[in-house]
Amino acid sequence: MNVFTLYLLFAKIGLFTFGGGYAMIPLFQDELVVRHAFISPEEFANMVALAQITPGPVGLNAATYIGYRQMGLAGALAGTLGVATPSLILVTLAAVFFLAFRRNRRIQDILYGIRPATLGLIAAAVIFFAESSIFTSELKGLWSSSVPGPGIFWPSVSAFLIALIVNAGRKKAGPVLTLLGAAILGVFLHLIL
Amino acid sequence: METPKSSDRPRLPALFAVFFKISAVTVGGGLTMIPVMEREFLEKRRWLTEEDMVDTVALVQSMPGIIAVNMALIMGYRMAKLPGAFTAALAVILPPFFSILIIASCFATISGQETVSAAFRSVRAAVCALILLSAVKLGMKLLKRAFPVAVAVLAFLVFVFLPQVNAALVIALAGLAGWIVRAPREEEEGRKS
């Protein structure tokens, strides 16, 4: 793996992300955690949390962070430029030929397929995050007899439920407060249990 | 498309400064930036019209990549053509790049401690809740017909049970399926209103 391959990998992620933010998470997870094992599932999940509470777009934050962890400053540049390159080309073209793009039915048709697929992938990413926080091992154990079944990590269950409750209503706590609150709760439970 | 009067047209350094500021202070990125951009570009400066804003939001959602970068490219283009597009994109990319560099280099030194890992375990569980909520919200919007439901379920199952299949391939095939099936036209009309 060199800087250019890293750049191409991020460009691929940028090209297949529709909807921004969370839509990018399953693609990052697939390429960087599962396929190339650049960072561990735990560190990836931590990084997603950090990317949400630091200023700036989540996708850019994540790409910069992972690139930096992989290859230092050059990697951070490769990550940032990589995820931005498809936009720089395609969106600039779309901005120039705006009217042609706006009412193009074929683009709407393609998105009619892509949007629910992205949703399915995001839902799958929830399981992945649960494995690195709420459960003590992979959920594969539930249906594969070769892997032991997972245990449940109760302090995380409480953080999960509280986060769910404070963001489900009309008035939401928002990611920054939620995640900072979860960190405090985690430390507190760690110290008293 | 309405071109602003020449007196209203921003100079590139001013354009850079405003996008830089928005990117540096907005946490979460993506569509959360829209109200901030409206205040800056419509109310305070009149560099864009209401119609520009609506068009931009519509176009951004049908383009791949990071939403904030895409918005910067389209708005920058509308305000000052290609130099505007690239200036705005650069301004959006720079703040998170530097803030993440600082965070990434500090994070490695604290991540080993037991209290810190307890905090992060809890934070990961909260992230899990946030992603789940956004998936539910997206699902309520998208899953109104058999085709999107089928695509979402298939994408979910493939991603969970067949990790050897590339997430980008899932997205590409779903786009192809949408192209063949075609989006219902009345839904398209409904989205515009």
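The test for being under 21 Å from B:F20 (Cβ atoms), over 11 Å from the mean Cα position of the chain (by Cα), of a type outside the set (S, T, N, Q) and not in a helix (DSSP H, G or I) holds for A:G56.
Under the condition of being of a type in the set (S, T, Y) and either in contact with a helix residue (DSSP H, G or I) (Cβ under 6 Å, 6 or more places away or on another chain) or crowded, with 24+ Cβ neighbours inside 10 Å (or both), the residues counted in segment A:1-52 number 3. Screening B:A125, B:A168, B:A177, B:A150 for residues that are in contact with an Asp or Glu (Cβ under 9 Å, 6 or more places away or on another chain), aliphatic (A, V, I, L, M) and at pLDDT 90 or above leaves exactly one candidate, B:A168. Among the residues making up segment B:87-135, those that are farther than 13 Å from A:L50 by Cα and in contact (Cβ under 8 Å) with a residue 12 or more places away in the chain are B:T87, B:A88, B:A89, B:L90, B:A91, B:V92, B:I93, B:L94, B:P95.
One residue alone among B:A91, B:A104 is assigned by TED's automatic domain parsing to the domain that holds B:L12 and over 24 Å from A:T178 (Cα atoms), and that residue is B:A91. Each residue in segment A:103-138 was checked for being outside any loop (DSSP other than H, G, I, E, B) and touching a residue at least 60 places away in the same chain (Cβ under 8 Å), and 11 pass.
Residues of segment A:89-101 include none that is more than 7 Å from chain B (Cβ to nearest Cβ) and within 20 Å of B:A104 (Cα to Cα). Within segment A:1-24, how many residues turn out to be out of contact with any Ser or Thr (no Cβ under 9 Å at 6 or more places or on another chain), within 8 Å of chain B (Cβ to nearest Cβ) and assigned to a helix (DSSP H, G or I)? Number of matching residues: 2. You will find that of B:V36, B:V57, the residue that is under 28 Å from A:Y112 (Cβ atoms) and surrounded by fewer than 21 Cβ atoms within 10 Å (Cβ to Cβ) is B:V57 and no other.
Conditions first: (1) free of Cβ contacts under 8 Å to residues at least 24 places away in the same chain; (2) surrounded by 15 or more Cβ atoms within 10 Å (Cβ to Cβ). B:V25 passes all but one, so which condition is the exception? Against the list (1) free of Cβ contacts under 8 Å to residues at least 24 places away in the same chain; (2) surrounded by 15 or more Cβ atoms within 10 Å (Cβ to Cβ), B:V25 comes up short only on (2). I'd like the residue in segment A:64-76 that is of a type outside the set (S, T, Y) and modelled with pLDDT of 90 or more and, out of all such residues, is nearest to the chain's Cα centre (by Cα). Out of the qualifying residues, it is A:G67.
The values are calculated or read from the model by the stated rules, or taken from the named source; none is laboratory data. Fair warning: this is a prediction, and the values are worked out from it, not measured in the lab. As a convention, Cβ positions derive from the backbone with ideal geometry for all residues, glycine included, and neighbour counts pool all protein chains shown.
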